[in-house]
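Below is one structure, written out as structure tokens; the observations come after it.
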Amino acid sequence: MSLSKTFTRIVSLLLPYKGRLALALAGMILTAATEPALAGMMKLLLDKGFASAQSFSLWLVPVFVIGVFVLRGCSTFTTSYMMAWVSGRLMADLRQQMFARLLDVPLGFYAQTSVGAVINAMMQEVQQILDMIRSVLVALIRDSLTVIGLLAYLFWLNWKLTLVTLFLIPFIGVIVRLTATRLKRLIKQFQGINGELTQVIEETTRAQQVIKIFGGQNYEAQRFAQRSDRLRGFAIRMASTMATTEPITQIITSFAVSIIVMIALAQAAGGHVTVGDFASFITAMLMLLTPMKHLAAVNGPLQRGIAAGESVFSLIDAKPERTDGTRLMKRAAGKLEFVGVGFQYPEQTRAALTDINLSIAPGETVALVGMSGGGKSTLVNLVPEFFPLNAGQILLDGQPIADIALASLRAQMAMVSQNVVLFDDTVAANIAYGDVAPDPARIAAAARAAHFEEVIAGLPQGIETQIGDNGMRLSGGQRQRLAIARAIYKDAPILILDEATSALDTESERAVQSALDQLMQGRTTLVIAHRLSTIEHADRIVVLDGGQIAESGSHQQLLSMNGVYAHLYHLQFAKEPV
């Protein structure tokens, strides 16, 4: 996205608030109008006030000065308040749009975008856009109006001296242009390193156990220090680039002031300029320097805001999951068919699945086994369409899932993964997650079925206890049982179990496996299990090897075939203690 398009899009975000922006603009106009008024007062005081016969009342001076500054204060407050209100509203809107898009993007998005980059975009880069709006837009409007007003007054006062003043503008423009290119490049690199630093912080807080047990403190400290030092380096280079603008501007200004004083003295000698004219002109010109410096200084925040806008808009514009498809009007029977299914992850050279043909009857339990990397998790992730198919199709009750609305399709499924994901909320909220009107009786029944009642009884606030970040206040087995209770509560016709009992001790596993056996009755169930003893009673076992179906049958049938499954079973049985 080009700089002009990004800036135009940022400005277009302000259109819904044009009423408040109009009030801010009125305040800027009034503030700008007070500048030449003060310079004009200097001319009046020197030419009329210090004359032998004063032509006005002395009381008019404090009334005028106080009145100007009261008006200036009110207008400045109006501008600041309205811009703060608009920028705060805009921040909330942008973050809401970004968060909504994060909920809609496919899982593949997170394989290509780091968590640190997402957090940095939502927290830091949105703030940089707002800083640009507050500083740049106010400077561009208010300071531009001030410059125009003062220049008009200067032309009226002495057009020859004003032409010398205008000599400043092209040189300042060249300085701004030279620094803009370098700033944009530095800011892009700064944002990238900032995202990496955020990622390091996120990973460090999430992986405390691994860091401590493997002694990774020094390594993580070095990772943080390297990125922090690089960030500091870029910040210094950015600051030095922006800092060069002001002194060069001041040097150019000093030349102009020197020439103006010489010309003014020559005009005064000829009787063409009064003391009041000269003092007023110098006052107005010096007042002109401040808004011109502000205009020259907008380059830094402008470039930061544009670069941040590109990052924010790229997230907002990320391609979401599909929104088409028909809505299922009734509970699915649960028949699943895989017809010539093939899938390859982006940027991978080898297919994860090839020509999968499999039919699963309603209520049938099918276990997927095989070596790691065989395609088991990929296959089950295709059922809720976490990833779109590359080849073939999957049918639910004879209807291609690609023709079913995603929300409707996923409403027919519950999933328990080996990587349990819980939320920093109450036990009840985690069990009934996704239900806008939770049923306390169903929550209690689900907890009971998952053998979680004893755990709840030992919690400080019972079922209303907050469980912490990802359930860190619970043990691994308790977190797994809570995830199972969530699946039980949903009561979906299709159940996906990915090592659902992997984190449980033997006693808990037996209790939960009994609950799962009851849960699986009447439901189409896909089970991924590395511990083959847990799936011996499955209706059918499908062995995946290298992304293809190698064998299929019951436990006894596969053992009698003496193939891949039999080899895995005997290998595992030999390792397991009696």
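Counting the residues of the range 444-486 that are assigned to a loop (DSSP other than H, G, I, E, B) and open to solvent by 50 Å² or more (accessible area, probe 1.4 Å) gives 7. In the range 82-113, what residues are of a type in the set (A, V, I, L, M, F, W, C), under 12 Å from the mean Cα position of the chain (by Cα), open to solvent by 30 Å² or more (accessible area, probe 1.4 Å) and over 25 Å from Leu23 (Cβ atoms)? Hits for the range 82-113 are Phe99, Ala100, Leu103.
Scanning for something small (Gly, Ala, Ser), open to solvent by 30 Å² or more (accessible area, probe 1.4 Å) and under 25 Å from Leu328 (Cα atoms), does the range 362-385 turn up at least one residue? No - not one qualifying residue is present in the range 362-385. In summary, Leu532 fulfils each of the numbered conditions (1) at pLDDT 85 or above; (2) touching a Leu at 6+ places or on another chain (Cβ under 8 Å); (3) within 28 Å of Pro384 (Cα to Cα) with the single exception of condition (1). Candidates are the residues of the range 396-433 that are within 28 Å of the chain's Cα centre (by Cα) and of a type in the set (D, E, K, R); the one that is nearest to Glu385 (Cα to Cα) is Arg410. Screening Ala492 with (1) part of a loop (DSSP other than H, G, I, E, B); (2) closer than 30 Å to Lys335 by Cα; (3) at pLDDT 85 or above; (4) open to solvent by 40 Å² or more (accessible area, probe 1.4 Å) gives one miss only, at (4).
You will find that of Arg486, Arg448, Arg479, the residue that is touching a strand residue (DSSP E or B) at 6+ places or on another chain (Cβ under 8 Å) and either acidic (Asp, Glu) or on the phi < 0 side of the Ramachandran plot (or both) is Arg486 and no other. I'd like to know if the range 36-57 contains one or more residues that are touching a Leu at 6+ places or on another chain (Cβ under 6 Å) and at pLDDT 75 or above. There is no residue in the range 36-57 that is touching a Leu at 6+ places or on another chain (Cβ under 6 Å) and at pLDDT 75 or above. Given the condition part of a helix (DSSP H, G or I), touching a residue at least 40 places away in the same chain (Cβ under 8 Å) and within 21 Å of Ser12 (Cα to Cα), answer yes or no: does some residue in the range 107-116 qualify? Scanning the range 107-116, I find no residue that is part of a helix (DSSP H, G or I), touching a residue at least 40 places away in the same chain (Cβ under 8 Å) and within 21 Å of Ser12 (Cα to Cα), so the answer is no. Annotation: of all residues in the range 114-126 being of a type in the set (Val, Ile, Thr) and under 25 Å from Thr323 (Cα atoms), the one that is surrounded by the fewest Cβ atoms within 10 Å (Cβ to Cβ) is Val115. Exactly one condition in (1) of a type outside the set (Val, Ile, Thr); (2) at pLDDT 90 or above; (3) more than 17 Å from Ile496 (Cβ to Cβ) is not met by Pro346; state its number. Result: Pro346 fails condition (2) only. Per the conditions (1) over 22 Å from the mean Cα position of the chain (by Cα); (2) modelled with pLDDT of 80 or more; (3) not hydrophobic (A, V, I, L, M, F, W, C), the sole criterion not satisfied by Thr162 is (2).
The values are calculated or read from the model by the stated rules, or taken from the named source; none is laboratory data. Keep in mind that this is a model prediction, so the values were computed, not measured. Here the Cβ is made from the backbone with ideal geometry for all residues, glycine too, and neighbour counts use every protein chain on show. Side chains are part of the model used for accessible areas, which takes the heavy atoms of the whole protein and leaves out ligands, DNA and RNA. Shrake-Rupley method; radii C 1.70, N 1.55, O 1.52, S 1.80 Å.
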